[in-house]
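*Asks:* Before I ask anything, here is the structure I am working with.
Derivation of every value follows stated rules applied to the coordinates shown; laboratory data play no part. The structure displayed is predicted, hence computed values, not measured ones.
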C-alpha cells in the first residue's frame with residue numbers, strides 16, 4: 001500500500017506533451033514515478049530510502065529547463081485529488 005506525498009504536473013494536456021511526477025511512501029521506501037504522456041506513456045520508477053533524497057529527485061525532475069518547452073509550467077497538484085474519502089477524515 002502507498003501513501004501519496006506529492007504530485008506534480010507540467011501543465012500540458014496533450015497525450016504526448018503531458019508529464020507527471022508522483023512521490024509516494026511505500027512499504028519499501030519512498031517511490032518517485034516520472035511519467036511521460038498519458039496513462040499508457042513511459043514511466044520511470046525509483047525507490048529511495050528516505051524522503052529527503054526522494055524530494056531532491058523530484059526537484060531535479062521538475063526543474064524548469066529554458067531549452068525544453070515542456071518543462072516550463074510545473075505545478076504541485078492537491079493531494080486531495082488522489083486520496084480515498086476514508087483518508088481525508
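*Asks:* By how many nm would the segment from residue 27 to residue 64 lengthen if fully extended, with 0.36 nm per residue of separation less the alpha-carbon distance?
*Replies:* On the way: separation 37, 0.36 × 37 = 13.32 nm, distance 3.09 nm.
My answer for the length gained is 10.2 nm.
*Asks:* Additional query: Determine the gain in length on full extension of the stretch residue 77-residue 44; use 0.36 nm per residue of separation and subtract their C-alpha separation, reporting nm with one decimal.
*Replies:* On the way: separation 33, 0.36 × 33 = 11.88 nm, distance 1.94 nm.
Fully extending the segment from residue 77 to residue 44 adds 9.9 nm.
*Asks:* Looking only at 19, 35, 44, which one moves most when the chain is put into a Gaussian network model with springs between Cα atoms under 10 Å?
*Replies:* Between 19, 35, 44, it is 44 that shows the largest mean-square fluctuation.
*Asks:* Right, here's the next one. Stretch residue 15-residue 3 to full length: gain in nm at 0.36 nm per residue minus the Cα-Cα span?
*Replies:* Working: separation 12, 0.36 × 12 = 4.32 nm, distance 2.64 nm.
Gain on extension, residue 15 to residue 3, equals 1.7 nm.
*Asks:* Taking only C-alpha pairs under 8 Å that are 6+ residues apart, what is the relative contact order of the chain in percent?
*Replies:* Working: 165 pairs, mean separation 26.6, N = 89.
Reported relative contact order: 30 percent.
*Asks:* Most fluctuating residue of 24, 36, 68 in a GNM of the chain with Cα springs under 10 Å: which is it?
*Replies:* Result: 68 has the largest fluctuation of those listed.
*Asks:* Once every DSSP H run of n ≥ 4 in the chain is given -39500 (n - 2.57) and the sum is divided by its residues, what mean residue ellipticity at 222 nm do you get, rounded to the nearest 500 deg cm²/dmol? Spell out each step's value before the answer.
*Replies:* Values: 1 runs with 11 residues, N = 89.
Only helices count here, giving -3500 deg cm²/dmol.
*Asks:* Can I ask one more? Counting every Cα pair in the chain, what percent are over 15 Å apart? Mind dumping the intermediate values first?
*Replies:* On the way: 2349 of 3916 pairs.
Beyond 15 Å sits 60 percent of the P(r) for the chain.
*Asks:* Which one, 11, 29, 41, has the greatest fluctuation when you compute a Gaussian network model over the chain with C-alpha springs under 10 angstrom?
*Replies:* Comparing 11, 29, 41 in the GNM, the peak value goes to 41.
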